[in-house]
Amino acid sequence: MPHLTDLGDPIGAPIPDWHPCPLPPRAVLRGKHIRLEPQTAADHCDDLWAAFSADRTGADWTHRLVGPFFERDAFQDWLLSAEHSADQMYFAYVDQVTRKAVGNGAFMSMMPAAGSIEVGSIMFSPALQRTPAATEAIFLHIQWAFQNGYRRLEW
């Protein structure tokens, strides 16, 4: 017998003993090369502004939801708004050696009841691009999601 939504659309069979997943914590996720810290304007603005400013053309902002920012105050205002977003949880990507934030990204489209989450709005500064730390940053997002019961992750 097919399983249907309330609108009559076919869906997969219910998952026995399914429990909603937790929301991502505002906690540090540690790797060998990089750590993900809950992003705050107070802690990360100076590092991220310096790291992202290394891209003089603004091309790194092409696929972002916001930006490019050519003034530090506007960038800081965006960091403040992102810090208090209920829809997205941003993390600063902090290099384990330099202790400087060199990128950021977010958990977004969080649907714990359905076990679905997205990793997006990712930006790697020129210093982070094409490095093991960049790969590890994405891995840490994915690892956290699947270790906490999410069954669907978009990137």
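The values are calculated or read from the model by the stated rules, or taken from the named source; none is laboratory data. Just so you know, these numbers come straight off a predicted model, no measurement behind them. Note that we place each Cβ from the backbone using ideal geometry, even for glycine, and neighbour counts take in every protein chain shown. Calculation scope for accessible area: heavy atoms of the full protein, side chains included, ligands and nucleic acids excluded. Shrake-Rupley method; radii C 1.70, N 1.55, O 1.52, S 1.80 Å.
Assorted remarks:
- For the range 120-131, Karplus couplings with θ = phi - 60° (6.51, -1.76, 1.60), whole Hz, Gly/Pro x: x, 6, 7, 9, 9, 5, x, 5, 9, 4, 6, 10
- Where trypsin sites (Lys or Arg not before Pro) in DSSP loops with at most 10 other Cβ within 10 Å are excluded, longest remaining stretch of the chain: 57-98
- Mean silhouette area of the range 1-107, derived from the convex hull of its C-alpha atoms and averaged over all directions, reads 10.5 nm².
- Mean residue ellipticity at 222 nm, helices only, the chain: -8500 deg cm²/dmol; runs of at least 4 DSSP H residues each add -39,500 (n - 2.57), and the sum is divided by the number of residues.
- Relative contact order (percent, whole number), the range 43-144, Cα cutoff 8 Å, 6+ residue spacing: 26 percent
- Placing unit charges on the Cβ atoms of the charged side chains and taking the dipole of the chain about its Cα centre, the candidate lying farthest along the positive direction among Val66, Val94, Met111 is Val94.
- What a 1.4 Å probe finds exposed on the chain is 56% carbon and sulfur by accessible area, rounded to a whole percent.
- Across the range 5-60, Cα-Cα distances exceeding 15 Å account for 74% of all pairs.
- Mean Cα-pair separation over length for the range 108-155, i.e. relative contact order, pairs under 8 Å, 6 or more apart, %: 50 percent
- Solvent-accessible surface ranking, highest first, for Ile142, Ile117 at 1.4 angstrom: Ile142, Ile117
- 3J(HN,Hα) along the range 139-146: 4, 4, 4, 5, 4, 4, 4, 6 Hz, from the Karplus curve 6.51 cos²θ - 1.76 cosθ + 1.60 with θ = phi - 60°, whole Hz, x for Gly and Pro.
- Heavy-atom accessible surface of the chain, averaged per residue, reaches 58 Å², computed with a 1.4 Å probe.
- For the range 59-99, the spherically averaged projection of the C-alpha convex hull amounts to 3.9 nm².
- Restricting the chymotrypsin sites (Phe, Trp or Tyr not before Pro) of the range 40-110 to loop positions (DSSP other than H, G, I, E, B) with no more than 15 neighbouring Cβ atoms within 10 Å leaves Phe70.
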